[in-house]
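Visitor: One structure is given below, represented as structure tokens, and several questions about it will come after.
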Amino acid sequence: SAVISQKPSRDICQRGTSLTIQCQVDSQVTMMFWYRQQPGQSLTLIATANQGSEATYESGFVIDKFPISRPNLTFSTLTVSNMSPEDSSIYLCSVEGQYNEQFFGPGTRLTVL
Amino acid sequence: AQSVTQLDSQVPVFEEAPVELRCNYSSSVSVYLFWYVQYPNQGLQLLLKYLSGSTLVKGINGFEAEFNKSQTSFHLRKPSVHISDTAEYFCAVSEWTGGFKTIFGAGTRLFVKA
């Protein structure tokens, strides 16, 4: 299994600002995934980040709102842009194992005022 | 399209009692099935997985789950729960659609009382 760290662990932000979340993996991986977990709800996949190519976004998520970088095989960032209170969520990055099981980071708890 | 239904949003039980958390899914192809646990203020951790073979799979912390293909279910069980099992439990299904795609259920909050 992979060990994944995220920074920051939590933040409180003002409406209209942007926040960049970092995800670091202790081994090289092809794909990294970004999920959103809204309060009291399940996980929704935002996008899949492949090194060396554009991220693939799921329905309902767009690059302008959630730009993603993947500069190498162990690191990715997700930016939440022009934030509103509706963006208050836990944001999780993950990598997949041999059988598509997901290994998650500890999450970033974002509150937008 | 696949979907995952966790039939109970909350399950309160007393310590040392048995528990079953229910999960049903829909899919037209073969799937991989997973249960994850999320302790308060933490990320998700894999409890167990079903890939193929024996329908009864054992995971960490004394949990097990049984795959029932005819009922498209993958219920999670533990014969005797501890206070420390209080957490959110997510069932997930992964199927191949030109690439693996994982769908998570809405979660079941297990609350173990003394």
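The values are calculated or read from the model by the stated rules, or taken from the named source; none is laboratory data. Just so it is clear, the structure is predicted and the values come from calculations on it, not from any experiment. Note: ideal-geometry Cβ built from the backbone for every residue, glycine included; neighbour counts use all protein chains shown. Each accessible area value is taken on the protein alone, full model and side chains, heavy atoms only, with ligands, DNA and RNA left out. Shrake-Rupley method; radii C 1.70, N 1.55, O 1.52, S 1.80 Å.
Visitor: Towards the positive end of the charge dipole of chain A, with charges on Cβ (+1 Lys, Arg; -1 Asp, Glu), say which of A:T20, A:Q102, A:S69 has the farthest Cα.
Guide: A:T20
Visitor: To continue, here is another question. If you place +1 on the Cβ of every Lys and Arg, -1 on the Cβ of every Asp and Glu, and leave all else neutral, what size is the dipole of the stretch B:62-114 about its Cα centre, to the nearest 20 Debye? Mind dumping the intermediate values first?
Guide: Numbers: 6 positive and 5 negative charges, 21 e Å.
Around 100 debye, computed over the stretch B:62-114.
Visitor: Please give the per residue accessible area of the protein assembly as shown, computed with a probe of 1.4 Å over protein heavy atoms only, in Å². List each step's numbers first, then the result.
Guide: Working: 10960 Å² over 227 residues.
In whole numbers, the protein assembly as shown has 48 Å² accessible per residue.
Visitor: What does the average come to when, for each residue of peptide B:43-50, you count the partner chain Cβ atoms lying within 10 Å of its Cβ?
Guide: Per-residue shielding by partner chains comes out at 5.
Visitor: In the stretch A:1-95, what GluC sites (Glu not before Pro) fall in a loop by DSSP, with at most 11 other Cβ atoms inside 10 Å? Display every interim value, and only then the final one.
Guide: Numbers: sites: A:E54, A:E58, A:E86; in loops: A:E54, A:E58.
For GluC sites (Glu not before Pro) across the stretch A:1-95 that sit outside H, G, I, E and B with at most 11 neighbouring Cβ atoms in 10 Å, the list reads A:E54.
Visitor: Which entries of A:K65/B:K49; B:K58/B:K113; A:K7/A:K65 have Cα-Cα distances beyond 28 Å here?
Guide: Violating the 28 Å Cα-Cα cut-off are A:K65/B:K49.
Visitor: Just to make sure I understand: if all protein chains stay in place, what is the order of B:D85, A:D64 by accessible area at 1.4 Å, largest first?
Guide: Ranked list, largest accessible area first: A:D64, B:D85.
Visitor: Rank these by accessible area, largest first, 1.4 Å probe: B:F14, A:F66.
Guide: Greatest to least solvent exposure: B:F14, A:F66.
Visitor: May I pose another question? Could you tell me, in Å, what Rg and Dmax come out for the Cα atoms of chain B?
Guide: 13.7, 47
Visitor: Then there's this: Find the relative contact order for chain B and round it to a whole percent, using C-alpha pairs within less than 8 Å whose residues are 6+ positions apart.
Guide: Result for chain B is 37 percent.
Visitor: Indicate the residues belonging to the stretch A:96-113 that lose 40 Å² or more of solvent-accessible heavy-atom surface (probe 1.4 Å) upon moving from the chain alone to the assembly of all protein chains, ignoring ligands and nucleic acids.
Guide: For the stretch A:96-113, once contacts with the other chains are taken into account, A:Y99, A:N100, A:E101, A:Q102, A:F104 lose 40 Å² or more.
Visitor: If you wrap the protein assembly as shown's Cα atoms in a convex hull and average its projection over all directions, what's the area in nm²?
Guide: It is 12.6 nm².
Visitor: If you don't mind, there's one more thing I want to ask. Determine the share of the stretch A:14-113's accessible area contributed by carbon and sulfur atoms, expressed in whole percent, with a 1.4 angstrom probe.
Guide: The C+S portion of the solvent-accessible surface of the stretch A:14-113 is 48 percent.
Visitor: If you don't mind, another one. For chain A, list the cysteines whose Cβ sits under 4.7 Å from no other cysteine Cβ?
Guide: A:C13, each lacking another Cys Cβ under 4.7 Å.
Visitor: With viscosity set to 0.692 mPa s and temperature to 37 °C, compute the Stokes-Einstein D of chain A, Rh being the Kirkwood radius across alpha carbon pairs; µm²/s, no decimals.
Guide: D, rounded to a whole number, is 235 µm²/s.
Visitor: Using only protein heavy atoms and a 1.4 angstrom probe, determine the accessible area buried between B and A, summed over both sides, in Å² to the nearest 100.
Guide: So the total buried area for this chain pair works out to about 1400 Å².
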